Amino acid sequence: MNLAAFDLPEQTHELSDWLVTQVTGPNLSSIVAQLSAIHSDQDHDLTIEAICGEQWNSIIQNGFSELTQNQFQQLLTHPYLLMELQERLLLEGEEYWQKQFLNQNDDSEIKQTKLIIQETLQKPILDSEATQQAEDFKKVPYRKIAALGFVSAALLFFAVFLNQEPVATPGWGWNRPGALTADIPADQYLNRLADSANEWFKKPTDTKAALLTRLTQFRNGCETLINAPHPQLTIKDRTWLIDRCRAWAGKLDNQIVALEKGADLKTADANADALIHKLVKALQNRAEQVT
Amino acid sequence: MSEIGSGYIRVMSNSLNLISSTDEQLTNLIKVRDPSSVQKQEAEMAFNSLYDRHAPFLLAFLKVRVSPHINASDIAQETWMRAWQKIPTHFDGSHFRGWLFQIARNLLLDEFRKKKTTSLNEDIDLPETQDSAQEFIQQEEKTKLRDCMSQLDEVRQKIVKLRLSGESHREISERLNVEYNTVQTRFHRAKQFLEDCVNQQEKETA
């Protein structure tokens with residue numbers, strides 16, 4: 001192992017260049033691990049905003065040259081912030097940072113990936129399937145087509161008849177139109193998400209079918225939440241929310257599978273209620289923490 | 001002029017405009033794609049432009065977040081394929097790069113879970129969030145270095161901590177009331193010891 005973190009320069013102006021190289025380079029994770037091992041007794045309460053304050057604009061335009069020694073020290077002793085810093089510079093950094101990141105990249109790797117993607121796009125699976133189906137259709141005699149048509153119509157009728165309560169109906173919870181697009185402060189937004197999740201308790205889930213439908217709908221809401229941009233939140237809160245939602249989605253999937261495999265209704269219902277209670281509480285707690 | 005010929009001219013003239021188009025304009029071209037050859041070509045060209053614009057930054061994001069047994073380029077490729085599929089239904093038009101990173105983050109977590117559940121260490125607690133997955137990836141390196149650090153005497157530990165919090169040898173010398181040359185030598189030797197110790201641990205666990 002190369003202990004690269006031990007090679008940090010002594011002078012503040014050199015420290016600035018060193019940190020730029022580390023934040024834009026491929027060894028950042030290792031640097032963070034090494035600094036975390038050395039500064040393991042530090043708290044995790046500090047934020048990038050608290051350290052950089054009003055200098056953030058200068059950082060995204062010109063790099064770290066204006067940071068004081070004290071600010072560098074805070075970043076080095078709270079290394080978990082360096083990963084977030086890298087992401088924010090990738091997203092918000094201006095020309096200076098774009099150049100720094102581009103200098104660190106391997107062009108051949110990017111070109112290679114582009115070629116693979118282009119090839120895949122030019123041979124889409126669905127198109128080839130459609131072509132194949134068209135070819136197959138030409139080969140089928142007319143009587144068979146009529147018979148297939150009849151069978152398909154019958155299947156469609158049964159599908160509609162049996163599936164009277166659609167599984168993925170949007171319209172409540174996180175799938176309610178407008179639930180994720182309100183232009184409100186972060187704490188209100190998180191509380192609103194908690195209220196939306198609480199809609200779970202508005203409908204009875206006293207049969208297996210009802211519970212399964214409701215769980216699946218809630219799981220779909222989770223997917224909507226994961227894929228939404230959440231402009232109301234900071235990157236850190238957005239990351240927290242989406243990471244939590246991934247975890248909730250995983251637990252919902254497990255509950256759905258258990259129910260489909262014949263889990264006891266009462267237990268499954270109680271587990272689902274407990275999970276929703278927990279996630280509502282987590283959202284409300286987070287709302288209290290955001291500024 | 002034939003339909004194919006006019007389609008070709010339309011695509012070529014549009015390609016000149018794509019470079020100056022915003023991400024939102026490019027994604028709008030992708031959203032309206034249909035199997036007709038001209039629209040599909042336009043959508044693919046718009047997607048290529050988005051790729052050229054954001055691919056280096058996605059790769060930089062991924063390279064420091066993948067665990068050692070996962071290839072960042074593979075996740076990048078999968079991220080772009082997901083983006084192509086999801087732009088029409090899941091992208092709302094704001095901040096394409098942030099959206100792309102979110103897809104990548106989800107894929108990383110999925111990959112991480114997959115690899116861990118198929119590894120020998122099956123009784124391990126799987127991380128549920130990307131933050132905890134990241135800590136998990138760094139844990140091995142951290143544990144080794146922390147163990148080795150605990151073998152240093154108290155003064156050397158202090159010197160290492162201060163030096164790695166950005167203090168110069170001169171400042172440490174004044175703070176601890178130890179001669180400048182002594183601070184330099186002790187830090188240098190501590191680094192040497194830690195490197196040897198960590199490498200030895202790596203050999204033992206290999």
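The values are calculated or read from the model by the stated rules, or taken from the named source; none is laboratory data. All values reported here derive from a predicted model rather than from experimental measurement. In this analysis, Cβ positions are derived from the backbone assuming ideal geometry, glycine residues included, and neighbour counts consider all displayed protein chains. Surface areas here come from the heavy atoms of the whole protein model, side chains and all, with no ligands, DNA or RNA. Shrake-Rupley method; radii C 1.70, N 1.55, O 1.52, S 1.80 Å.
Run the 1.4 Å probe and let me know the accessible area of A:Asp206, rounded to the nearest 10 Å².
Counting only protein heavy atoms, A:Asp206 exposes about 110 Å² to solvent.
Extending each Cα 7 Å along its Cβ direction at A:Lys281 and B:Asn71, get the distance between those two points in nm, one decimal.
4.5 nm
How large is ³J(HN,Hα), in whole Hz, for each residue of segment A:214-226 in order, when computed from phi with the Karplus curve 6.51 cos²θ - 1.76 cosθ + 1.60 and θ = phi - 60°, using x for Gly and Pro?
Going residue by residue, I get 5, 4, 5, 5, 5, 4, 5, x, 4, 5, 4, 5, 4 Hz, with x marking Gly and Pro.
I'd like the residues of segment B:145-187 whose 1.4 Å-probe accessible area shrinks by no less than 40 Å² going from the isolated chain to the full set of protein chains.
Residues meeting the cut-off: B:Leu145, B:Arg146, B:Lys161, B:Arg163, B:Leu164, B:Ser165, B:Gly166.
Between A:His230 and residues 5 or more places away or on another chain, which pairs have amide H atoms under 5 Å apart, with H built 1.01 Å from N, and which residues are they?
none
Of A:Lys114/B:Lys63; A:Lys236/B:Lys114; A:Lys251/B:Lys114; B:Lys40/B:Lys63, which ones are farther than 22 Å apart at the Cα?
A:Lys236/B:Lys114; B:Lys40/B:Lys63
Each residue of segment B:106-114 in order: what ³J(HN,Hα) in whole Hz does its phi give by Karplus 6.51 cos²θ - 1.76 cosθ + 1.60, θ = phi - 60°, with x for Gly and Pro?
5, 5, 4, 5, 4, 4, 4, 5, 4
I'd like the GluC sites (Glu not before Pro) in segment A:1-109 restricted to DSSP loop residues with at most 15 other Cβ atoms within 10 Å, sorted by number.
In loop regions of segment A:1-109 (DSSP not H, G, I, E or B), the sparsely surrounded GluC sites (Glu not before Pro) are A:Glu10, A:Glu66, A:Glu94.
Let me know the shape class of segment A:4-103, please: from the alpha-carbon gyration tensor, a ≥ b ≥ c as square roots of the eigenvalues, rounded when a/c is under 1.5, otherwise prolate if a/b is greater than b/c, or oblate.
Cα axes put segment A:4-103 in the rounded bin.
Keeping all protein chains in the complex and leaving out DNA, RNA and ligands, what accessible area do you get for A:Tyr96 with a 1.4 Å probe, in Å² to the nearest 10?
Its accessible surface works out to 70 Å², give or take rounding.
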